[in-house]
Each structure stands twice: as structure tokens, then as C-alpha cells.
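The values are calculated or read from the model by the stated rules, or taken from the named source; none is laboratory data. Note that the structure is predicted; figures quoted are calculated from it, not measured. Cβ coordinates were reconstructed from backbone atoms using ideal geometry, including for glycine residues, and neighbour counts include every protein chain displayed.
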């Protein structure tokens, strides 16, 4: 028991320490805790740096023109225009840069779409305004509703660090397991998003979308609904508790024991 | 034949504007109608802007301060709808009305009565849209994209009036577009071939075709909603065998070209202004025309990049990703052309030029974040976050709005016969420039860090950047009131403007006196 508590404490610290350091001024995507989220992060940074280089080049060209060719400094206008060579160059080079982005993007997308051979299947259903989780191979099903007190939302008491990010029943998942999510909705369109997993997927009434994850590190990962779903849109958070496999089996036994 | 035309012309000399309110209600004069469009669109810009101020005030701090979530959703929805349909589109129609006849050497728009009808339908549709705010159950609250079933099964009662307003506004825009096409095709001065048309005329011609192509699609999608709500159909209702995703396909088939409808005329404005203040011809006129046409055609092939997370098959994802990325090529061509036009020119920095350079710089930022958003696997993170909000405000404000401001400063001397105060104009530019960047740049950060859009309240880790955004937004909002004063002051007491106030400006509009007489080009000019 105490070992577990210690481990849980250590995990909580490990999971939150890097997050709190920059939490107030977070400026970038999280790298995430799955191989897929890391790939997406790398792709994001690759495209980002290409865009930065292009942007800087464009801005320098503008700056140069603006500084060097002012009439107030006596600049006389040239009269050149139309140059086919230049125009071909600035059409072809951007195209090649785009190809350099498209190749890794395509490879990543193919991986994302391969949700085969999942070891665990979870059905996620969006409701106005909470989530339902069903473990397809176990007799487990529960609602996950927000628990942030209205006193905090109405500024009557101090907001906690997990303000608008806390739920009564978190989704419990094992690490190192390929998990397929079947995502749908009971009313309007919602979108299930945990940034640490690298994706969001729309929950659409009458349709079942799928996506998958394989979590590398135990911890608590929080997410939010990402598709406007009415007045409670900002208030249907997602909380995932990723635990080691043996702990997960204990949890399942506990749940099914209770239900049965 | 010529005798008849001459008799007509003599008649017109004694035919000034009517007096009082009748002049504005019944006018068929393109200049009067253009003025009404511009004044009306700026009024709507302030109304939509006031809603944005309320949104940013609520988001100043986490927690619920000023408005409740239900009303907040009405504000985000109405802000978007009013800015798109009430402010940006009508402002460009106003510019088209004023400038296209002057730029092609035509006496008026080809269909003057239709022109009057277009404007008054715009007012009618906009009033219906705004009136929904005062209805039981409130205004539309489902976002300007009005996704079903939130807007159908779950929508407020006022949705029906919203649908009616969209129909009316659509008819108004289609008639405006027909008028622009008829004028440009039929009424150009002798000698003005297509490839001699000013860029603003070219971009509007292409925009008008986009409008005619996609507004009926918008009308179709809202009609399907109307059927679902009142007549028992189930186009978008999964319980009745319908498909909510179908809504998004149809909507974005309209919605993506709509984005270019709001930007292409601004491209045209910038392509007039940069050569004028660089005193150097546009670097690649021909390639600019082709680039605009290419962007317009591609705009029909990329709609599902707004839907990467709805669960479309991988082949679809790949197609829409590649098609979207390709748009960067013609857009790059335009940016490079504007810079090459400035390069080795003789530049001065009057207010229109400042807004034009601000346009090129900030539109590049929005364009590059657009390239990032096109990357489908990464969009599974970006989608529906503040990163998207930052992106489209960086293309719409420096794009559409700066384009309109640049045009207003550039052509105000022609419209009013007066010069505006250059010092005040520059102040307006710099306040807008700083306000815009302080408001919208931090949204990239909160979006990447995980804040979804359309949130009335947010986790505390996004608090700092949201407060900065709000401060920037207030600055941007307040600076726009300055424009009212600048225009008012110019008209009241500005210096008299010569026929061609900008020494580098070229085009037929500068050959008529300032202010432009009520009737111009009754005899068509000759273009070499």
C-alpha cells in the first residue's frame, strides 16, 4: 500500500514538475507520452522551422527594400519588371520545400490511421456535457463528469491548479498497450482531445470514429472537448490515468467485482 | 445612334443627385451606392467589433465575470457572421462600386437598379440577423460555421430567422457579383483589353465568379437546415438516416472559397498601392493574374482541410493535404511579386503604403501558419484550438481589413476631394499594427499549449497570454474609432485634393477631378 502510494506520489511529481515550470507561459505543443505524439511533435517542429526560415527571409527582403530604397534617401526607381527565370525559380523552390514537408507528413498519417491489432478497446461517447467510457472487453462502463465547483467558476473561491480540468471518474488505461478508441456522440458533435496523445477525434452522433494510442509513461493526462457543443463546451474536461499493467488489472478486477 | 447618346449626355448635365433621403433610397448612382456600402459595412464592423470586445473582456481572466456561457456563444457566433457578411464582404462591394467604373472608364455599373436593390437587401438581411439578438431564446449560438446538429435539432428558435437572413444576404451578394461581371465584361473603355485591366478589377472579376459559384451552395445548405428543422427531413440527423458530416462538406465547399472572396479583392488593392508608392510598375502583372486565378480554382479543391478530424478516409486526408499545400505556391508568387516591386523602387510611406506593407508582412505570418495547419497529422493537434483563431485573424485582419483600410486612405481624396491628416493616418496604422499583434500573436501560444477555441472559460495555465491578448484587442478596437474621426475631419476641413494626389499612382480614376463628379466617363476615355 505504502509502496503504491509512494509510487503514485513520485509519478504525480514527475508528471507535473516539467509541466508546472512553464505552465504559465506554455508556448508550444507538448511532446506527449506516446511514440505517435512524439512523431507529430517532430513533424510540427520541422515544418515550424522551415516556416521560420522562409518568414525571416521574406521579412529581411522587405526590410532591405524599405530601408535601402526610400525616396527620402534619394532612391531613383528602376523600371524593370517581368523576368521569367526569376518567376520560375520562385515557383519551383517553394514547391520542392512543400515536397520536403509532405513526405514525413504522409508517413506519419499512414501510421496514425493504422489502428489494427489493438489489445484494448474503449468506446468514448460524448454527451452534453460529460463523457461516457465503455471498456468493450470488460463489463465496465461509467460517466466522467466535471467536478470543478461552481464557486471557483464564479470567482467565489480560489481556483485550483486543475481548474476546469478535473473529473469524478477518470479514464483508467494501462501503459505499453495498444488501445483503440471508438468515438461517437449521443447528441451534438464533440471532440475528444488529450494533447499528450497527439490527436483529437470528433465524436459524431450516428458515426463511430476510431483512433489509437500506446502510452509510454504512467501519469495523469488531461484534455478538453475541442468541438463547440453548446453552453457547457468549456466544461467537459477529460482526465486519463495511465497506470502500469498490473495496477490496471487490479483496477479492472475491482471494478468488475463491484459491478457484479 | 450617336445623336441619341449626345442628347442623353446633355440631359445628364442637369441631372444631379436628388435631394434629401430620396437621394439615398432610390439612387442608382454607383458612387452613392458605393458610399452607402462603405458606411454601412463600417457600422457593422463596429457592431461586430463591440462583440469582440465583450468576448475579450470575458476572457481577460479565467472564471465567469461578465457574461454567461449561453450569451458568450451568441457573441462568438454573431461576431463571426457580422464580420464576414456585414463588414468585409459589403466593404469590398462598396470599393467595387466606387472604383470599378472609374478604373475601367465606365459611366456607371452595368445594372444600376439591381445595384440599388443589392444594397437595400444587404441592409434588410443584416437587420434580420441582428434582430435575432432580441428574440426569445437568443441569437444563433452555434458558431459562424453553424455545424449540424447543434444548429438544427439543438438550435434556438431564432435559427429560422438566421436562415432567412443568410438567404437575403446571399441574394444581395449574387446580384452584386453579377453586376461586377457585367460591368467588367461589357463596359471597359475602348482599348482596355483584359490584360490591361488594373489588378483590382482583375481580382474583383475573379471574386465575382467565386461568389456566383458558392453562394448558391450556402443557400442550399441553409435550406436543408430549414427542411430539417420545420419539414421533417433528416439531411443532417443521424437518427433519421442523415449525416452530420454531410453538413460540413457542403458548408466548407462554400466556406473555403468564401475565405478567398474576402482576400482576393484585398490582393487587388495592394497590387495597386505598392507600385504607386514604389514608383515602379508591378513586377509581374501577368503572373499575378494567373496566381489569383490559380488560387481561385484551388479554393474549390481544399474544403475538407477544415475537417481533418471528422474521420475522413486516409486517401481523402492525403488529397486535401496536398491540394492545400499547393496553394502556398501561387500565394508565394504574390508575396514575392510585391516585394520585387518594392525592391529598387523609390519608396514613400504614406498611410496607404504603411497598411500595404503591414499587409504583406502580417499576411505572410498568417500564410505560414496556414502551411502548418495544412499538415494533416499535425492538424490533429492544431484543429479547433486558438492556433486556428490566430491563423485566420492573421489572414483576415491584415488581409481583408488592412486591404480595405489601405483602399480607403488611397482613394478617399478621390471620393471626398479632401486629403486626410497624414499624421493621424499613420497613428491609426501604428496603433492597429501594435494592437493586432499583441492581441493575436499570443493566441498561437495558447493554442499550441492546448486551449480550444470558442471557450468561455479556460484552465488557469492559459491566463497570462489571454490577459495580454485582451489588452491588445482593446487597443486594436479603440484605434478603429480613430478612423471615423480621420474621415470626418478630412471631409470637414481636409486640404483640397488634386486630381492625382499620389505622384506614382496610375489609372483612369486619377484622370477625373477630385472629388469625382457625380457622373464620370459619359464619353468613354481612350486607353492605349
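Values for this structure:
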item	result
Subset of region B:339-354 (residues that are under 12 Å from residue A:72 (Cβ atoms) and buried (at least 23 other Cβ atoms within 10 Å of the Cβ))	B:347
Some residue of region B:76-94 being surrounded by 19 or more Cβ atoms within 10 Å (Cβ to Cβ) and either at pLDDT below 95 or not in a helix (DSSP H, G or I) (or both)	no
Matching residues, region B:342-352, being within 8 Å of chain A (Cβ to nearest Cβ) and either in a helix (DSSP H, G or I) or over 27 Å from residue B:483 (Cα atoms) (or both)	B:342, B:343, B:344, B:345, B:346
In region B:499-512, the residues that are in contact (Cβ under 8 Å) with a residue 24 or more places away in the chain and outside any helix (DSSP H, G or I)	B:501, B:502, B:503, B:504, B:505, B:506, B:507, B:512
In region B:115-135, the residues that are over 13 Å from residue B:75 (Cα atoms) and either crowded, with 23+ Cβ neighbours inside 10 Å or modelled with pLDDT under 95 (or both)	B:115, B:118, B:119, B:122, B:126
Some residue of region A:56-69 being more than 19 Å from residue B:334 (Cβ to Cβ) and at the interface with another protein chain (Cβ under 7 Å from one of its Cβ atoms)	yes
Region A:232-260 - residue that is part of a loop (DSSP other than H, G, I, E, B) and surrounded by 18 or more Cβ atoms within 10 Å (Cβ to Cβ) and, of those, nearest to the other protein chains (Cβ to nearest Cβ)	A:237
Any hit, region B:245-257, residues being closer than 26 Å to residue A:70 by Cα and either assigned by TED's automatic domain parsing to the domain that holds residue B:405 or buried (at least 24 other Cβ atoms within 10 Å of the Cβ) (or both)	no
Qualifying residues in region A:96-121 (those that are in contact (Cβ under 8 Å) with a residue 60 or more places away in the chain and farther than 30 Å from residue A:135 by Cβ) - the one farthest from the other protein chains (Cβ to nearest Cβ)	A:104
In region B:315-325, the residues that are within 7 Å of chain A (Cβ to nearest Cβ) and surrounded by fewer than 22 Cβ atoms within 10 Å (Cβ to Cβ)	B:318, B:322
Residues of region B:353-372 classified as under 25 Å from residue B:449 (Cα atoms) and more than 10 Å from chain A (Cβ to nearest Cβ), total	3
Flag for residue A:173 being in the same structural domain as residue A:234 (by TED's automatic domain parsing), at negative phi and either part of a strand (DSSP E or B) or free of Cβ contacts under 8 Å to residues at least 12 places away in the same chain (or both)	yes
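Residues are listed down the side, and each one gets a yes or a no for (1) under 28 Å from the mean Cα position of the chain (by Cα); (2) closer than 28 Å to residue B:430 by Cα:
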residue	(1), (2)
B:484	yes, yes
B:491	yes, yes
B:498	no, yes
B:509	yes, no
B:513	no, no
B:517	yes, no
B:521	no, no
B:528	no, no
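Here is a yes/no grid of residues against (1) more than 12 Å from every other protein chain (Cβ to nearest Cβ); (2) closer than 30 Å to residue B:152 by Cα:
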{"position": "A:163", "(1), (2)": "no, no"}
{"position": "A:167", "(1), (2)": "yes, yes"}
{"position": "A:172", "(1), (2)": "yes, no"}
{"position": "A:176", "(1), (2)": "yes, no"}
{"position": "A:182", "(1), (2)": "no, yes"}
{"position": "A:193", "(1), (2)": "no, yes"}
{"position": "A:205", "(1), (2)": "no, yes"}
